[in-house]
Amino acid sequence: MTVLGRRAPAVTGALSWLMSPKRLEGLRLQAFMVPIGVVFAVLFAIPLAQSLYFSVTDFNGYSTKVNFVGLENYRKIFTDPSMLAGLGFTLLYAIGTTVIVTVLAIPLAVLLNRRFFGRNVVRAVFFFPAIPSIAILGLVWAFILSPLGSGAINWLLDAVGGFGPVPWLSDGTLAQLSVIMVAVWSSTGWHAILYLAYLQAIPGDYYEAARVDGASARQAFFRITLPLLAPAVTVSSLLLMTGGLKVYDLPYTLTKGGPGYATFTITQSIIQSGIAQAKFGQASALAVVFMLVVGAIVALQLVLSRRLEGRLS
Amino acid sequence: MRKQRSSPILSLVMILAAAVVGVPFYYIVVNTFKTQRETSASPLAPPTSLYLDNYVRVFENTPILQSFLNTVYVTAVSIVIMLVIGSMAAYAMLLRTNLINRVAGVLLVIAFLVPGQATLIPVYRILVELQLVDSLEGLIMLYTAGSIFCYFLIQGYLRSLPISIFEAARIDGAGPWQIYWRIVLPLIRPILITVGVFQTMWIWNDFITPNVFISSPDKQTLVLQVYKAVGEYSVDWPAFMTLSVIVLIPVVIFFIVMQRHIVNGLLQGSVKG
Amino acid sequence: MSLLRRSVATLAAAAAVLAGTAGCGSGSEGGGGKTKLSFFSWENEQTMKPLIDAFEKQNPGIDIEFSTAPPVAEYISTLQTRLVSGTAADVFVIAAENKTNLVQGGFVKDLTGKPFMANMSKFNTEAWSVDGKAYGMSISSWSAGILYNKDVLAKAGVTEFPTKWDDFIALCQKLKAAGTTPYYESATGLPLSIAALVGHENARQGGGVDAQIFAGQKKFGDLWTGPLTTYNQLFTSGVMTKDVVGLKGEQIVDEFTNGRVAMIAAGPWDVPTLRQKAPDLNLVFAGVPTPDGKPFWAGAASPGWAINAKTQHEKEAEAFLTYLGSKEAVTLFNKETAAMTTTSDVTPVVDKVLEPNLQALKEGAFYLPQIAWPRVQDALNTEMVAQIQLMIQGQAKPEDVAAALDNRLKSS
């Protein structure tokens with residue numbers, strides 16, 4: 001192909017393409033991105049740039065006089081022992097809730113999509129846990145998970161099988177388990193509702209055809225429902241993963257990060273150093289590092305789930 | 001689609017499961033009708049008599065109506081704005097996969113990862129510059145950040161729909177705006193409602209944002225009233241729980257009304273794939 | 001489609017109507033030429049409202065704009081965000097967690113020598129002073145110790161509450177042998193008895209040990225290892241289970257009101273709830289028993305009220321503080337909160353059960369490490385609580401706890 005010789009027609013071609021209805025339509029379509037661009041710039045990009053700047057200063061969140069300290073803040077966070085503990089539980093929590101909620105929510109959505117007596121009420125009840133403030137849920141769950149014999153679950157265990165009181169929130173491993181369990185309780189229902197919305201996009205004809213071909217309900221689930229839910233899995237697990245990595249309220253209200261550092265999270269560390277300890281620069285550095293880590297994890301997850309989507313459909 | 005028959009066994013199992021999930025709510029509601037003494041003695045027992053003092057006290061001491069109106073205003077406007085912004089972006093991203101949009105897609109994912117606490121002070125300063133601190137409009141502006149969440153869910157949903165629908169409309173000569181308004185919006189109704197309901201829950205219950213950005217008593221939202229029961233050394237739990245129930249009632253009603261509409265989406269045959 | 005369009009239209013219409021009504025209520029200039037004085041509190045509204053109403057009645061030209069945030073983290077962060085942007089209230093609360101930053105950043109007015117400070121107790125004023133300058137007006141203090149049910153102890157044959165730690169452990173064992181759970185003390189935060197035991201050790205060493213630690217002359221272990229070992233006997237002797245690291249204060253109070261435990265660690269803030277939940281209990285407060293038999297308490301001066309250095313309404317702010325420190329307001333505050341007020345011209349009326357606590361305040365037999373530490377309070381507090389929980393679970397020794405505090409101080 002001789003590029004030079006074809007140059008003139010290429011230019012006129014480009015000109016006519018610029019003026020073409022197709023190009024105009026493309027521009028009009030691009031305009032649909034403007035509002036979200038503004039939101040991104042004002043509420044994310046600009047503040048984040050400031051945080052980046054704070055992360056190399058000794059800004060304490062109070063004084064407006066700040067000094068440049070280079071990478072000192074970054075050095076400090078990598079030498080803090082409680083940070084490692086926080087990282088461990090944050091990862092466990094994020095992965096644990098993502099996997100468990102996904103595994104429970106999909107079958108729940110399929111069941112909630114069936115016809116049965118009391119369906120609307122049942123759907124509402126499953127969704128409820130996503131509603132109230134975490135402060136009040138923390139109170140109620142602390143009562144339910146009380147390590148004493150008078151706690152609701154322990155009382156039940158005793159009444160049913162005579163088990164001794166289980167130290168739900170007083171033992172490191174059990175506390176981690178309890179926090180994850182409460183998180184699963186609070187988000188499974190709403191993720192099921194999310195899947196339910198996606199189930200509505202599957203045309204009924206598909207199932208009709210499968211039934212005619214003699215497929216069982218189980219086969220229909222694995223061959224039709226699951227592959228078509230793949231985009232939903234991508235979205236839902238991304239939400240769970242980012243939400244899980246950013247978690248703060250729930251472990252804080254249930255256990256305040258204890259016992260010891262068993263349920264300490266990265267976000268708790270950011271909040272503590274930035275606000276209570278007036279080390280805003282250091283907290284900003286932590287936030288930046290945290291974002292990079294989360295970004296890497298999410299990128300990996302997206303690649304994996306896109307691949308999975310590709311294989312399924 | 002074959003008309004399913006209602007299954008009594010499924011019904012029983014699901015109602016039992018829902019009952020287990022609902023226990024914490026039972027705990028909250030039942031204890032607002034008891035004295036502290038009864039609550040402490042037997043938290044799970046039903047009230048022995050109809051005790052309404054907690055509600056009387058809360059209604060006497062709290063400007064509930066003003067806060068309720070503020071909350072409805074902020075929630076309704078924010079939800080409409082974020083659904084519009086989010087769905088527009090999702091639609092453009094689906095049909096126009098050029099370099100700009102691919103970069104934008106990555107940036108939006110990154111925005112999703114920013115922990116709110118890290119940008120609190122910079123965001124507050126921006127609002128001070130815009131003179132929107134301590135105003136309901138400022139709160140609405142902050143909540144438009146939720147557009148990115150809406151965008152995510154909606155674009156995921158759009159990708160699960162057959163793209164041929166949009167292509168067909170394009171060939172028929174429909175412009176981008178027409179396609180968006182006449183085809184995309186009706187098609188994505190189930191996800192719009194799901195996301196709308198979820199974001200309503202978020203804004204309705206959000207405490208951190210109004211707590212930092214609102215200081216005038218007449219601009220407070222309902223949740224701020226709930227947290228007024230939390231004091232220096234102790235929490236007024238009866239008031240806290242009672243106010244929580246009052247705050248929950250409107251959203252529960254809203255959910256029950258809205259969720260009926262999730263169901264009828266494509267089953268009515270608006271799309272033949 | 002129609003549904004969507006209809007809902008959007010309805011929402012928009014509702015929003016427009018509401019925008020109108022909301023707009024009406026937001027005239028920020030205030031009616032009738034009144035001055036608006038903003039007040040950011042961390043007491044809840046119920047507590048402060050009677051005081052504000054009375055003040056506004058006496059000063060018809062001033063309108064108090066009250067706002068609140070729950071302590072501690074939410075309050076601190078909201079105040080911080082507003083201060084750095086120049087939009088903070090005229091009057092707000094100064095607490096242990098933000099004292100250093102407020103003073104160093106020049107955000108609070110020097111109140112030294114103001115007429116309204118004359119009434120304040122010396123101890124309370126010193127708690128909110130830096131380098132001899134007072135920045136907060138504090139009208140009350142608190143002290144916490146051990147609350148027991150006299151009837152339960154009498155049944156076990158105990159009429160005199162022990163003052164020596166060993167006797168206390170013996171009492172616990174006796175109760176346990178009789179089938180009663182002897183003692184609960186929440187360890188989700190700093191256990192109150194540790195604060196008391198450390199305070200006792202500090203007094204035994206002549207006081208001021210914290211200053212020496214922060215000056216690098218002593219280690220945390222010099223002050224803490226002994227008291228931590230003493231406290232840990234509760235677990236090594238088996239009278240308290242490690243469950244307490246997962247028990248909140250409210251749960252412990254519930255166990256107590258239902259007669260499932262004989263003694264608990266408690267403060268004055270638990271008394272109103274206890275009176276409501278179980279009016280018939282025969283309650284008695286006592287100081288925490290110590291190794292040498294001189295009971296000690298956990299306690300501190302309550303947070304103070306401070307005036308914003310950049311306030312436009314200095315005169316009004318001072319009028320407000322003058323009122324808050326007046327005989328009338330302190331009496332009202334005491335009545336509302338049952339707080340142990342310490343101003344010179346009011347004798348607080350306290351629940352009879354709190355008389356020992358009041359006595360302890362007069363004698364100065366109380367201590368709280370977070371207040372005694374001159375800086376890095378929060379970082380040390382977090383580390384301390386986590387390490388104590390590890391100790392309770394048998395994963396750390398008392399010396400390890402003290403060493404972790406030394407490390408934390410060094411790295412801050």
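Worth pointing out:
- Residue that is farthest from C:Gly299 (Cα to Cα) [pool: residues in the range C:335-347 that are assigned to a loop (DSSP other than H, G, I, E, B) and touching a residue at least 60 places away in the same chain (Cβ under 8 Å)]: C:Asp345
- Residues of the range B:7-45 that turn out to be assigned to a loop (DSSP other than H, G, I, E, B) and more than 23 Å from B:Val247 (Cβ to Cβ), as a count: 3
- Restricted to the range A:26-81, the set of helices (runs of 4 or more DSSP H) holding at least 2 residues that are more than 25 Å from A:Phe264 (Cα to Cα) comprises A:34-40, A:46-54.
- Criterion violated by C:Asn334 - all others in (1) under 28 Å from C:Thr236 (Cβ atoms); (2) surrounded by 18 or more Cβ atoms within 10 Å (Cβ to Cβ) satisfied: (1)
- Of all residues in the range C:151-179, those that are in a loop (DSSP other than H, G, I, E, B), surrounded by 13 or more Cβ atoms within 10 Å (Cβ to Cβ) and among the β-branched types (Val, Ile, Thr) total 2.
- Taking (1) within 30 Å of B:Ile163 (Cβ to Cβ); (2) in contact (Cβ under 8 Å) with a residue 12 or more places away in the chain; (3) not hydrophobic (A, V, I, L, M, F, W, C) in turn, A:Gln268 satisfies each apart from (1).
- Residue match in the range B:109-120 (condition: surrounded by fewer than 24 Cβ atoms within 10 Å (Cβ to Cβ), out of contact with any Ser or Thr (no Cβ under 9 Å at 6 or more places or on another chain) and more than 7 Å from chain A (Cβ to nearest Cβ)): no
- Just one of the numbered conditions (1) under 29 Å from C:Pro182 (Cα atoms); (2) touching a residue at least 12 places away in the same chain (Cβ under 8 Å); (3) part of a helix (DSSP H, G or I) is not true of C:Thr125: (1).
- Checked against the criterion of being over 11 Å from A:Tyr62 (Cβ atoms), surrounded by 19 or more Cβ atoms within 10 Å (Cβ to Cβ) and not assigned by TED's automatic domain parsing to the domain that holds C:Trp373, the range C:100-107 contains not a single residue that satisfies it.
- Residues in the range C:128-155 that are closer than 30 Å to C:Asp254 by Cβ and without any contact (Cβ under 8 Å) to a residue 40 or more places away in the chain: C:Ala154, C:Lys155.
- Test: residue in the range C:305-312 that is surrounded by fewer than 22 Cβ atoms within 10 Å (Cβ to Cβ) and touching an Asp or Glu at 6+ places or on another chain (Cβ under 6 Å): yes
- Residues (within 9 Å of another protein chain (Cβ to nearest Cβ) and touching a residue at least 60 places away in the same chain (Cβ under 8 Å)) located in the range B:76-86: B:Val77, B:Ile79, B:Ile81, B:Met82, B:Leu83, B:Ile85, B:Gly86
- Residue satisfying all of: in the range A:222-253; of a type in the set (D, E, K, R) and surrounded by fewer than 21 Cβ atoms within 10 Å (Cβ to Cβ); farthest from the other protein chains (Cβ to nearest Cβ) among these: A:Arg223
- The single residue among A:Ala152, A:Ala130, A:Ala142, A:Ala159 that is without any contact (Cβ under 8 Å) to a residue 60 or more places away in the chain and in contact with a helix residue (DSSP H, G or I) (Cβ under 8 Å, 6 or more places away or on another chain) turns out to be A:Ala152.
- For the range C:356-412, the set of residues classified as among the polar types (S, T, N, Q), out of contact with any strand residue (DSSP E or B) (no Cβ under 8 Å at 6 or more places or on another chain) and more than 12 Å from chain A (Cβ to nearest Cβ) consists of C:Gln359 only.
- Flag for A:Ser305 being crowded, with 16+ Cβ neighbours inside 10 Å, within 14 Å of the chain's Cα centre (by Cα) and in contact (Cβ under 8 Å) with a residue 60 or more places away in the chain: no
- Residues of the range A:95-118 that turn out to be in a helix (DSSP H, G or I) and within 12 Å of chain B (Cβ to nearest Cβ), as a count: 8
- Test: residue in the range B:175-196 that is over 15 Å from the mean Cα position of the chain (by Cα), more than 10 Å from chain A (Cβ to nearest Cβ) and over 17 Å from B:Tyr91 (Cα atoms): no
- Annotation: of all residues in the range A:123-136 being closer than 30 Å to A:Val166 by Cα and more than 14 Å from chain C (Cβ to nearest Cβ), the one that is nearest to the chain's Cα centre (by Cα) is A:Ala130.
- Filter result (buried (at least 18 other Cβ atoms within 10 Å of the Cβ) and either modelled with pLDDT under 85 or more than 9 Å from chain B (Cβ to nearest Cβ) (or both)) within the range A:16-50: A:Leu29
- Answer residue from the range B:93-108, given it is crowded, with 20+ Cβ neighbours inside 10 Å and in contact (Cβ under 8 Å) with a residue 60 or more places away in the chain and is farthest from the other protein chains (Cβ to nearest Cβ) among those: B:Met93
- Subset of the range A:254-288 that is assigned to a helix (DSSP H, G or I) and away from chain B (no Cβ under 11 Å) - its residue that is nearest to C:Ala379 (Cα to Cα): A:Ala276
- Test result for C:Val130, aliphatic (A, V, I, L, M), modelled with pLDDT under 90 and over 24 Å from C:Pro191 (Cα atoms): yes
- Meets criteria (assigned to a loop (DSSP other than H, G, I, E, B) and either hydroxyl-bearing (Ser, Thr, Tyr) or within 7 Å of another protein chain (Cβ to nearest Cβ) (or both)) for B:Tyr51: yes
- Taking the criterion of being part of a loop (DSSP other than H, G, I, E, B) and within 14 Å of chain A (Cβ to nearest Cβ), the residues of the range C:240-288 that qualify are C:Met240, C:Thr241, C:Leu247, C:Lys248, C:Asn258, C:Gly259, C:Arg260, C:Val261.
- Per-region count, the range B:16-38, residues within 8 Å of chain A (Cβ to nearest Cβ) and of a type outside the set (A, V, I, L, M, F, W, C): 3
- Per-region count, the range B:202-216, residues of a type in the set (A, V, I, L, M) and surrounded by fewer than 22 Cβ atoms within 10 Å (Cβ to Cβ): 1
- Within the range C:56-79, being more than 13 Å from every other protein chain (Cβ to nearest Cβ) and of a type in the set (A, V, I, L, M) holds for one residue alone: C:Ile62.
- Residue match in the range C:83-96 (condition: within 14 Å of chain B (Cβ to nearest Cβ), among the polar types (S, T, N, Q) and closer than 27 Å to A:Tyr62 by Cβ): yes
The values are calculated or read from the model by the stated rules, or taken from the named source; none is laboratory data. Bear in mind that the values here come from a model prediction, so they are computed numbers and not experimental data. Cβ atoms come from the backbone with ideal geometry, glycine included; neighbour counts cover every protein chain shown.
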